[in-house]
Amino acid sequence: MTDPTKPTKPEAELQSDVRKNPRRIAFITRRTSPHVQAQDDERVMTYPTALGRFVIALEVAALILVWWSLIANAPLEGIADPMHTPNPAKAPWYFLGLQELLHYFPPVVAGVLIPGLVVAALIVIPYFNINIEGESVWARQRGRRLAIAASVVAALSIFLLVYDVIVALVPTLVLGGLMLLSGRFSPQSPKPLQRWLASKPLSFWIMTWFLTELIVLTTIGTFFRGPGWSWIWPWES
């Protein structure tokens with residue numbers, strides 16, 4: 001007969017019948033640790049906290065738009081005349097980037113291939129496990145990645161130069177040069193600008209290049225194109 005006051009030594013055994021032996025022992029390996037203390041994260045309720053902010057932001061945006069429409073007239077032209085086509089015939093501002101590309105590339109390339117590749121990339125890229133940690137593009141295999149990046153920038157620049165797309169070539173060279181130059185910097189650099197450039201991931205450089213090209217092409221198509229899609233300065237009539 002055992003003494004209940006004395007602790008018994010636990011014994012491990014293999015048993016699959018939980019009705020006969022309901023006791024279980026959990027073995028914790030070195031790779032994991034038990035979650036002893038749980039700390040609740042900060043939470044923001046959707047209603048009314050977040051929803052109230054959305055409503056306030058919506059009302060402020062509506063007031064700004066109404067105020068702007070009262071002090072400035074919409075840039076509308078006269079009634080459309082089927083016998084007279086305006087020169088230049090410009091698309092809405094959000095399509096002027098594509099219209100600017102049509103000035104350089106064939107319609108199939110500028111109107112189908114390039115937009116199709118952009119849409120396909122936006123759909124496919126999120127499914128790839130690319131740089132998910134957000135680490136610097138030069139964090140690993142610096143020499144190999146520098147060679148690949150330089151080859152891509154050079155090929156893209158030659159492609160734009162062949163079609164004489166100078167307006168897209170300049171941002172490509174500037175951003176490509178900054179990306180390659182950041183490969184020489186260290187995330188521990190004493191200079192803030194060098195440290196900031198060296199810490200940026202690949203997604204930052206791709207998205208920055210895409211947005212810069214979009215802004216440049218849209219701006220040129222809006223303010224720098226005149227009759228026959230010729231180059232004019234904004235202050236010229």
Compactness relative to 2.2 N^0.38 Å, alpha carbon Rg of segment 141-229: 1.28
Among 217-223, 92-98, how do they line up from the highest to the lowest mean number of other beta-carbon atoms within 10 Å? 217-223, 92-98
Using a cut-off of under 20 Å, list every residue of segment 91-112 whose amide N is near the label point 7 Å from the Cα of A74 along the Cα-to-beta-carbon line. 91-96
Taking a crude spin-label model, label points 7 Å out from Cα along the C-beta direction, the E236 to W67 distance in nm is 3.8 nm
Label-to-label distance, nm, for residues given as W229 and I125 (7 Å Cα→Cβ offset): 2.6 nm
Using 0.36 nm times the number of residues separating T46 and F159, minus their current alpha carbon distance, what extension gain do you get? 35.8 nm
How much length, in nm to one decimal, is gained on full extension between I215 and S151, taken as 0.36 nm per residue of separation minus their Cα-Cα distance? 20.5 nm
In whole angstrom, note down how far apart the Cα centers of segment 45-78 and segment 140-203 are. 39 Å
Note down the net charge around L175, summing +1 for each Lys or Arg and -1 for each Asp or Glu among other residues with Cβ under 15 Å from its Cβ. 0
Gain upon complete extension [R184, A89; 0.36 nm per residue less C-alpha separation]: 29.5 nm
What trypsin sites (Lys or Arg not before Pro) does segment 163-237 have in DSSP loop regions with at most 13 other beta carbons within 10 Å? R184
With only Lys, Arg, Asp and Glu charged, each at its Cβ (+1 for the first two, -1 for the last two), find how big the charge dipole of segment 141-229 is about the Cα centre; round to the nearest 20 debye. 500 debye
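Quick note: the coordinates plus some simple rules give every number you see, no bench work behind them. All values derive from a computational prediction rather than experimental measurement. Positions of Cβ are backbone-derived with ideal geometry, glycine not excepted, and every protein chain shown enters the neighbour counts.
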